[in-house]
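Structure in structure tokens, see below.
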Amino acid sequence: MTAATTRLSFTLVLPDGTQLSGPIVDLRGWPTAPTRTALVRAVHAGSPVPETAPAVLGQAPGPAYEHVGLLRPGRSFDRRSALASIAVARGIETPQDSALASARRQLRAAPTPLDTSELREARRRAAEAGSKTERLRERVATIRGRVTALREATGDDADLSALADAEDSLAAATRRLSEVSTQRVAARQRLALLDARARSARDDRDRRLQLEDRIGNLERARRDARVSAVEPAFVAARQRIASRVSSHDTAPRSDALIDALAAARLTPARAPIVVAPDVVALLGGVAAAADVLTGPLLIR
């Protein structure tokens, strides 16, 4: 049994309804072949897709597909990011996994930040209630002084009428002062409560920041551990592929392409990799490319 028959198969459905299936689909010379970008997009999209777009039916792409899904000359390659993704795809565990999961649970359970708009509104209401209370106190004091002066004066019925009006005004102002004073007390109590919550929220915020810093440090450490776990295999694969490429083509090839080919070899076989014909030729033909790249292939 050959490598080509044991690898995963997939089906490519072209916009005209044509279906091509197998572990390797070769579109070289196909008159209506979609672009490489459209094919990569189809691998990501799965099915269904718009009638004018190709569809790829098969395994969903893994976490490393964005780094190895399209192999063509002149491409760029983020080596560390790719190796970390390959480690994820291969299910490699790290010493940071447990601590990172715990820190993320703590962050999800941490209190949400306080809505500062509510605190600002409470401060505004408390300030307004205080100003209104002071103005009413001054008004009550003024009216009370007038009442006192009228009571001390001796005069005719007009004076008695003015006194009655002043006393009515004093009673009304006093009632209003009592109401506003009550509102002021309530506003101050509300503000004190929110201030206490704000102090607690600042402590919570500090704890959240500490957790976020811890998570960031753990993520970086886990990323480093993942890279270190697959780097030896990557270096070995790269040396093998560089040797194979040099035996078929004496022209210098970019390190990025060689890196991408090595990464593709290490990535667990799932969704089809879109490979440019130049890369197939560089590896020595379809059979050689299938030997180097262990997953299903879509040559375009």
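The values are calculated or read from the model by the stated rules, or taken from the named source; none is laboratory data. Computed from a predicted model, the values in this text were never measured in an experiment. Note that each Cβ is placed from the backbone with ideal geometry, even for glycine, and that neighbours are counted across all protein chains shown. We work out accessible area using only protein heavy atoms, side chains counted, and drop any ligands, DNA or RNA first. Shrake-Rupley method; radii C 1.70, N 1.55, O 1.52, S 1.80 Å.
Which value in deg cm²/dmol, rounded to the nearest 500, describes the helix-derived mean residue ellipticity at 222 nm for the chain, given -39,500 (n - 2.57) per DSSP H run of n ≥ 4 and division by the residue count?
Numbers: 10 runs with 197 residues, N = 300.
Result for the chain: -22500 deg cm²/dmol, rounded to the nearest 500.
Return a whole-number percent for the relative contact order of the stretch 57-206, with Cα pairs under 8 Å and 6 or more residues apart as the contact set.
RCO, the stretch 57-206: 31 percent.
Then there is this: The list (1) -0.59, -0.89, -1.11; (2) -0.36, -0.81, -1.26; (3) -0.43, -0.87, -1.23 gives values of log10 I(q)/I(0) by the Debye sum over Cα atoms at q = 0.08, 0.12, 0.15 Å⁻¹, and only one came from this structure; which label was calculated from it?
(1)
Here's a follow-up. Can you tell me the accessible area per residue over the stretch 70-210, all protein chains present, probe 1.4 angstrom, in square angstrom? Before the final figure, lay out the partial values.
Details: 9270 Å² over 141 residues.
Ligands and nucleic acids excluded, the result is 66 Å² per residue.
Running a GNM on the chain with Cα contacts under 10 Å, which residue among 181, 85, 254 ends up with the highest mean-square fluctuation?
Of 181, 85, 254, the Gaussian network model singles out 181 as fluctuating most.
Next up: Can you bin the stretch 229-300 into rounded, prolate or oblate? Criterion: square roots of the alpha carbon gyration tensor eigenvalues sorted a ≥ b ≥ c, rounded for a/c under 1.5, prolate for a/b above b/c, oblate for the rest.
Oblate is the answer for the stretch 229-300, as a/c is 1.5 or above yet b/c matches or exceeds a/b.
Does the stretch 17-75 classify as rounded, prolate or oblate by the C-alpha gyration tensor (a ≥ b ≥ c root eigenvalues; a/c under 1.5 gives rounded; else a/b over b/c gives prolate, otherwise oblate)?
On the way: a/c = 1.57, a/b = 1.15, b/c = 1.36.
Oblate shape, in that a/c is at least 1.5 and b/c is the bigger or equal ratio.
Between rounded, prolate and oblate, where does the stretch 119-247 land on the alpha carbon gyration tensor, with a ≥ b ≥ c its root eigenvalues, rounded for a/c under 1.5, else prolate if a/b exceeds b/c?
Prolate, since a/c reaches 1.5 and a/b exceeds b/c.
Expressed as a whole percentage, what fraction of the accessible surface of the chain belongs to carbon and sulfur atoms when a 1.4 Å probe is rolled over the protein heavy atoms?
So the carbon and sulfur contribution to the accessible surface is 50 percent.
Note down the magnitude of the dipole of the stretch 1-140 about its Cα centre, charges +1 on Lys and Arg C-beta and -1 on Asp and Glu C-beta and zero elsewhere, to the nearest 20 debye. Intermediate results must be reported in sequence, preceding the final value.
Numbers: 20 positive and 13 negative charges, 128 e Å.
Charge dipole of the stretch 1-140: 620 debye, to the nearest 20.
Another question, then. When only Cα pairs under 8 Å and 6 or more residues apart are kept, what is the percent relative contact order across the chain?
Working: 367 pairs, mean separation 97.6, N = 300.
About 33 percent, as a whole number.
Label point 7 Å out from residue 206 along Cα-to-Cβ: which residues of the stretch 90-131 have amide N under 17 Å?
What the label zone holds, given the 17 Å backbone N cut-off, is 111, 113-114.
I would also like to ask the following. With a cut-off of 8 Å between alpha carbons and a minimum separation of six or more residues, what is the relative contact order of the stretch 154-300 in percent?
With pairs under 8 Å counted, the relative contact order is 17 percent.
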